[in-house]
Amino acid sequence: MPPSTDQHETAPASDRHPGLLNHRDLGGTPTRDGRVLASGRLVRAAEPVDLSDDEVATLAALGVRSRIDLRAQDEPAQQPCTELDAAGVAVHHVPFRGLLAAERLPPLETAEQLGEYYLASARANLGALVTAVELVAGEAALATLVHCAWGKDRAGLVIATVLELVGVPREAVLADYARTQEAAPRLLDRVLARVPPERAAKIDRDRPVLHAHEVTMRTFLTAVDAEHGGVAGLLSDGGADPAGLAEALRGRLLA
């Protein structure tokens, strides 16, 4: 049951708002027990940079009061979220080390290999993954915006983990990840506009790492199931209380 409200129309919104790409409110996402995520609780996006007044207003209309910034190293300094900071949106910086913006990831030959890379990255960043989920479950003001650079890889891991914990069916988790594919060309255009033309000309737009295919997230979650007993087991390995987190997340996010 895909969301049907206007706030979920990613592609047209991205066309209108080039500073606000790949954004969507997860409200309306169903759970296996017949409930849904409430609107105005959890939002995901690419890095919200160089926003127009209208774009700031768009996020305000979605109820965004805080953001979880998963970018690491020099990314926040190079691409600051100036407009949201000025608007008083609280920031929680939770850097994922070694899992950088999509265009800076290592060469990968298939979408499945990207999913395998996600598992290695989740294990290497278990503390950050736990912290991000705990923020959504408790401390971060709602609606909270989860973002990295593209809103695909690092944000994809956090959002998928949250959705799995609250009981969203696997196919709906995969479908949400794959929706980023709609924005992938515009995300890459934005990156290429920042680099020298000679470097931009060498970028292979067909590289799997630059796309958001369902099989990538399926590969990741299937491996987590096999090797950790699901995302609850993965979080437990990071020192978290997954049952407590699931209860808190359901209390905060579900209608």
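Return yes when Val215 is hydrophobic (A, V, I, L, M, F, W, C), part of a helix (DSSP H, G or I) and modelled with pLDDT under 90 and no when it is not. Spell out how you get there, then give the answer.
Details: hydrophobic (A, V, I, L, M, F, W, C): yes; part of a helix (DSSP H, G or I): yes; modelled with pLDDT under 90: no.
Considered against the rule, which asks whether it is hydrophobic (A, V, I, L, M, F, W, C), part of a helix (DSSP H, G or I) and modelled with pLDDT under 90, Val215 comes out as no.
From the residues in segment 100-116 that are at pLDDT 65 or above and in a helix (DSSP H, G or I), which one is surrounded by the fewest Cβ atoms within 10 Å (Cβ to Cβ)?
By that ranking, first place goes to Arg104.
If you filter segment 193-212 down to residues that are at pLDDT 85 or above, surrounded by 14 or more Cβ atoms within 10 Å (Cβ to Cβ) and among the hydrophobic types (A, V, I, L, M, F, W, C), you find that the one that is nearest to Asp50 (Cα to Cα) is Leu210. Among the residues of segment 23-40, the one identified as hydroxyl-bearing (Ser, Thr, Tyr) and either in contact with a Leu (Cβ under 6 Å, 6 or more places away or on another chain) or outside any loop (DSSP other than H, G, I, E, B) (or both) is Thr29.
Per-residue answers, yes or no, for (1) over 16 Å from Val43 (Cβ atoms); (2) touching a residue at least 12 places away in the same chain (Cβ under 8 Å); (3) not in a loop (DSSP other than H, G, I, E, B):
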site: Gly98; (1), (2), (3): yes, yes, no
site: Gly151; (1), (2), (3): no, yes, no
site: Val158; (1), (2), (3): no, yes, yes
site: Val168; (1), (2), (3): no, yes, no
site: Ala178; (1), (2), (3): yes, yes, yes
site: Arg186; (1), (2), (3): yes, yes, yes
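Taking the criterion of being hydrophobic (A, V, I, L, M, F, W, C), in contact (Cβ under 8 Å) with a residue 40 or more places away in the chain and under 18 Å from Ala155 (Cβ atoms), the residues of segment 19-63 that qualify are Leu21, Leu26, Leu37, Leu42, Val43, Ala45, Ala46, Leu59, Leu62. Flag: Arg186 matches the condition of being of a type in the set (Lys, Arg) and out of contact with any Phe, Trp or Tyr (no Cβ under 7 Å at 6 or more places or on another chain).
Within segment 115-130, identify whether any single residue is within 24 Å of Leu20 (Cβ to Cβ) and polar (S, T, N, Q), and answer yes or no. So far as segment 115-130 goes, no, none of its residues is within 24 Å of Leu20 (Cβ to Cβ) and polar (S, T, N, Q).
The values are calculated or read from the model by the stated rules, or taken from the named source; none is laboratory data. These numbers come from a predicted model, not from an experiment. A quick note on method: Cβ atoms are made from the backbone with ideal geometry, for glycine too, and the neighbour counts reach across all protein chains shown.
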